[in-house]
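The values are calculated or read from the model by the stated rules, or taken from the named source; none is laboratory data. All values derive from a computational prediction rather than experimental measurement. Here the Cβ positions follow ideal geometry from the backbone for every residue, glycine too, while neighbour counts run over all protein chains shown. Accessible surface is based on the protein model in full, side chains and every heavy atom, while ligands, DNA and RNA are left aside. Shrake-Rupley method; radii C 1.70, N 1.55, O 1.52, S 1.80 Å.
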Amino acid sequence: MLKDMLSIHELSVDEVEEILRLAAELKSMQKAGVPHEWLKGKSLGMIFEKSSTRTRVSFEVGMYQLGGQALFLSNRDLQLGRGEPIKDTARVLSRYLDGIMIRTFGHERAEELAKYASIPVINALTDLLHPCQVLTDLLTIREHKGKNLKNLKMAYVGDGNNMTHSFLYGAAKTGMTLSVATPKDYAPKDFVVKNALEDAKETGAVIELMENPAKAVEGADVVVTDTWASMGQEAEHDERKKIFAPYQVNDELLSHADKRAIVMHCLPAYRGEEITEEVFEKNADVIFDEAENRLHTQKAIMLLTMGDF
Ligand code: CP
Ligand code: NVA
């Protein structure tokens, strides 16, 4: 039973394994039509301070499938958006709800919410991390490449952003090899890399940072990318497009990967920027499995935080 799920770094190796195991079990149950309404009578508040398609729909439907209800709380409607402190919002919502999911800008906002909430808080993306997505990606990699992540090499190519940070933590907790290639000024944050290298000692994960995308992709089983301009960075889009051009995931770059490599993308994808139309469509089955798996993984996270598990 977890109080919060804010960062993969804060989970133990066993807790990561349990989330992935339970997510796979819930997926099988849902496909077989086996009822699993283990959050009957419970309510999840979903605070969104940024846009979302997948996160909103998968949390809402996931809560419904677990027998509970989800409330969409946009900062445009909440008093939070007019300046009510997050610590007061946390204490008020704790009196009504059984859990809070938050998508916001500064990671410290999610941490403050969790500090003052007496109920579990789930991070559904901050500028720093996107743990629900990366746990989902680990489940998807297992489905396509086998259960033992220790034998696999993943290459992340592009911006050193919230996805990169969570991949660093995800690889470190599962023993994967992760090569990250970013332009020099867009590397992941030092403290995240330091934490990941520390976590990697427990699992034997290999973590490498570099600038050369072809080198990162060399022999990779999984190649991942993400948008070059994350939410909140729209004004930098044109400048970033120029800087990141050599980091596009295209057929030439993939010629350096293992022949059976899969390409993943958390979506939304910007074709012609971080990924070509051809590469995207060739890997569409994996990419949309990844999108579907948000549902199953988040149901596992909700059960392990809000349930009587
Ligand atoms: N991948 C992801 O988090 O998608 P949304 O922004 O649509 O929720
Ligand atoms: N890095 C992206 C992920 C979107 C799901 C962003 O933060 O906008």
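Before moving on, here are some points about what is shown:
- The charge dipole of segment 84-230, taken about its Cα centre with unit charges on the Cβ atoms of Lys, Arg (+1), Asp and Glu (-1) only, comes to about 380 debye.
- Pairs beyond 24 Å (Cα-Cα), from 31/145; 201/282; 215/241; 189/259: 201/282; 189/259
- Pairs over the 24 Å Cα-Cα cut-off, from the set 40/173; 40/115; 3/42: 40/173; 40/115.
- Accessible area of segment 22-162 divided out per residue, in Å², using a probe of 1.4 angstrom: 43 Å²
- Trypsin sites (Lys or Arg not before Pro) restricted to DSSP loop in segment 218-309 with at most 15 other C-beta within 10 Å: 259, 260
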